[in-house]
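**Student:** Take this structure first; my questions come after.
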């Protein structure tokens, strides 16, 4: 049908890309984000919204399963691509777009042409509101329902077990937060990083005693993700743009003015201060961690030497999990974004221990 | 009772067909303008075809249904949003006359926009998804915060004209736009209108932090209807501020319909810019402010206007 | 109710438009709907149905809201008669609102407007 | 007009019946809402525009809030396991059918008086006049009742009170709450 082909072509000029960042592949993620920004392609926030599944880095077994599941969740037309080498980001995106533009239902899918797994799962249950199935206690989808647990008022109410991550917008690569939710309040939490030790050496390109440019870029990246979680898209986009400029080779001194303007704007925002006030996040509250980051960012572009040149320690995931207990989901996301655990380092640490 | 003034009748009936297209066109313009602002911040090119691309993309996209989803409520919720938005839009004076000149126009408007409560909750509930549920519930919490200030703001405008009919409210501003005597109600109205369309900075129900929240599991035409309905709701809610506070089609030189268009465009631009100035305001922070700052403020505003009306009534 | 005729017509038109959109999508969509998709929470499979007793932290707010909301039924017709009835209408309505506001202030102080 | 009446009437009854047939608490709530909306349409047909629209306004808000509470308290809120909205099926059926029959008979058998006088030209206006005039006492009583409702529900529903928040002498400047927020 011609109209369908026309619409596919129109849409393919601006596909929504779901980026799956893997631990140890920060460089690939940054390259992809920079290219998406240049093209003006939106980053999808969930598989339902995505046309392109872009996996940045080599996936270990656990993350490969995650990628497979996310792929299953995406509606067609859809394209799956992997970026492992920074140099071929642009070409990969081009080919994804052209595949979408010339998409036909008959196209064999990436990863084997077999029928989709879920179509074999027996009768559909969704719209069946007449209670006609006499099966009794057989639950749809084979899943149980949430069980009871005590809430902070001492009431017994359902506790829903949800695994947050590793594919969420502005979320540390590979991190999974297994939480027990009552409503949207977290009662218990557990944090882990999937596939630690995979590709952990890719940070070799970012020297340990990093220079001011990389320090500034790293802080801008963290700031952009924090602002993204806080729902402040405009300065988040500016932070990303400055980060990309720095990584593309701009001197910190050249962007100093813009960075200072950005940090000043974030600091000045009374609304942001009011929104993050009083959210504890372990040793330091969210607001204090944000202030730290802004100060470090300013210092980095001012050419000050990095405060602690010592070896970076892996993040304390147990402390992170403790910090989100009792928080409402939005606050928990802010906590994670403020702590911003460097999951690449978890990889190195675990990898070293196994060796 | 206000004198039975020579109230302009409603537009001819065929306008009911034009109205949805008109609103969709404005909503598309809003999408394009918003996206071009976003592109500018990121250093990319703007794209005027963007609303067409997005709509086309969702039309050819596959729909999906989650395990054990409540399809009835899920789909109904999405469809209610555009229907409610257009039905709320029938009382908008497009120039001098609205599509339906209801004597209880502003109450009708209020009743239709409140359907968003049900719609967003149903869309969040439907897919049997934890993040969707959180999004749906966030909107109800937000509604509990913005709805009372919203009602008081509308009532204040109605009080100024002593009529619930939007055309009467416009007529009552012949001498003085209501924004002058009720600035607080005007500002609160705009705040609550953006909150009702869960538009930034009140976009927590479809927030990034919950991967799209209520909309997280929507794809294909379901997403198109929901997202389109949300834009329509924003356009209609903001557009009603023109007859309520900005004198409707009043203005020199230009015809009334053009004035309405210009004023609406200015307000929409304002809303788009404000969204860029603020991070997402979560309902847990906003509720108390809404109740103990906005509600008393709007009540005082209503009192001031009531005294002005009494004064005027005494003179007449 | 003649004035509601255009409303009814608009309802018909917009419902038809939404149905038309769904019909167009049915023709244009590259595939029929995907069924039994696993809900998304970050890429891991859910272990339980999300449909559960959702414990909202703001239930006291709903109660205060409902009580306050009742008042709106009166306030809309009240706007029509202010100058006809005169000062007594204003005094009465704002006394009424004042009583309710006192309730809200009490609720605020007790922390009912916070997520408990 | 008559067609519309019958459509709305059937929708109201069918949706009302669905309330008892559906498994899901959420669907039950919105079936009830659909029933109320049809009734609101009937009220509008009677020429009571304001009342009809206000029924829509109030019922949408209230049914959403009811859905929130239904889902919060009822087991199996989505009806994933079959269940029924009624207990003692035969008894409740007898009561329901009996009530319906009595009411319907009442409607049909009553010798309704013929209308005297004409309706006010603007019912909304008339309603406002009645509220500010004859029904003033009703309204003030209602105000106090609503105040009592607010205070009562707050006392019953909040586990923590002002002494937990501001200290025993109420001298803490900023409230101590498990969740932040608000202007203070």
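The numbers here are math on the coordinates, done by the rules we state, and not lab data. Note that the coordinates shown come from a computational prediction; the quantities given were computed from them, not determined experimentally. Neighbour counts run over all protein chains shown; Cβ positions are idealised from the backbone, glycine included.
**Student:** For the protein assembly as shown, what is the mean residue ellipticity at 222 nm derived from helices alone (per DSSP H run of n ≥ 4: -39500 (n - 2.57); sum divided by total residues; nearest 500 deg cm²/dmol)?
**Tutor:** The per-residue figure over the protein assembly as shown is -19500 deg cm²/dmol.
**Student:** Highest mean first, how do D:124-135, D:150-161, B:74-85, C:60-71 rank when packing is the count of other Cβ atoms within 10 Å averaged over residues?
**Tutor:** B:74-85, C:60-71, D:124-135, D:150-161
**Student:** Right, next: Taking every residue in B:46-53, how many Cβ atoms of other protein chains lie within 10 Å of its Cβ, on average?
**Tutor:** 3
**Student:** Rounded, prolate or oblate, given the Cα gyration tensor of the range C:1-100, with a/c below 1.5 counting as rounded?
**Tutor:** Taking the square roots of the gyration eigenvalues as a ≥ b ≥ c, the range C:1-100 is oblate.
**Student:** If you don't mind, another one. So for D:30, B:278, fewest C-beta neighbours within 10 Å to most, what's the order?
**Tutor:** B:278, D:30
**Student:** Return the percentage of antiparallel bridges among DSSP beta bridges fully within the protein assembly as shown, rounded to the nearest 5 %.
**Tutor:** Bridges in the protein assembly as shown that DSSP calls antiparallel: roughly 60 percent.
**Student:** Among B:159-172, B:115-128, A:259-272, how do they line up by average Cβ neighbours within 10 Å per residue, starting with the highest?
**Tutor:** Answer by packing, highest mean first, reads B:115-128, B:159-172, A:259-272.
**Student:** GNM, chain D, Cα, under 10 Å: largest mean-square fluctuation among D:122, D:111, D:164?
**Tutor:** D:164
**Student:** Would the range D:1-80 count as rounded, prolate or oblate if I go by the C-alpha gyration tensor, calling it rounded below 1.5 in a/c and otherwise prolate when a/b exceeds b/c, oblate otherwise?
**Tutor:** oblate
**Student:** Something else now. Against the longest principal axis of chain C, how steep is helix C:59-85, in degrees 0 to 90 to the nearest 10, with axes from Cα atoms?
**Tutor:** 60 degrees
**Student:** Another question, then. Starting with the fewest neighbours, write out B:233, A:18, B:272 ranked by other beta-carbon atoms found within 10 Å of each beta-carbon.
**Tutor:** Ordered by Cβ neighbours within 10 Å, fewest first: B:272, A:18, B:233.
**Student:** If contacts are Cα pairs under 8 angstrom and at least 6 residues apart, what is the relative contact order of chain D in percent?
**Tutor:** 16 percent
**Student:** Ok, one more. Across peptide B:96-102, how many C-beta atoms of other chains are within 10 Å of each residue C-beta, on average?
**Tutor:** Averaged over the peptide's residues, the number is 3.
**Student:** Next question, about the same structure. What is the angle, in °, between the Cα long axis of helix B:295-315 and the longest principal axis of the Cα atoms in chain B? Nearest 10 is fine, range 0 to 90.
**Tutor:** Orientation of helix B:295-315: about 30 degrees from the principal axis.
**Student:** Okay, moving on. List B:181, B:281, B:154 from most exposed to least, where exposure is judged by having the fewest other Cβ atoms within 10 Å.
**Tutor:** Going from sparsest to densest Cβ surroundings: B:181, B:281, B:154.
**Student:** Applying a 10 Å radius around every beta-carbon, put A:164-176, C:102-114 in order of their mean neighbour count, most first.
**Tutor:** By packing density, highest mean first, the sequence is A:164-176, C:102-114.
**Student:** Given the options C:12, C:86, C:42, state which has the largest fluctuation in a GNM of chain C using a 10 Å cut-off (strictly under) for Cα springs.
**Tutor:** C:12
**Student:** Still on this structure, I have one more. Against the longest principal axis of chain B, how steep is helix B:71-89, in degrees 0 to 90 to the nearest 10, with axes from Cα atoms?
**Tutor:** With rounding to tens, the tilt is 30 degrees.
**Student:** A further question on this structure: Residue by residue through B:110-121, how many Cβ atoms from other chains fall within 10 Å of the Cβ on average?
**Tutor:** 6
**Student:** Another question, if that's okay. Relative contact order for chain C using alpha-carbon pairs under 8 Å, separation at least 6, rounded to a whole percent?
**Tutor:** Relative contact order of chain C: 26 percent.
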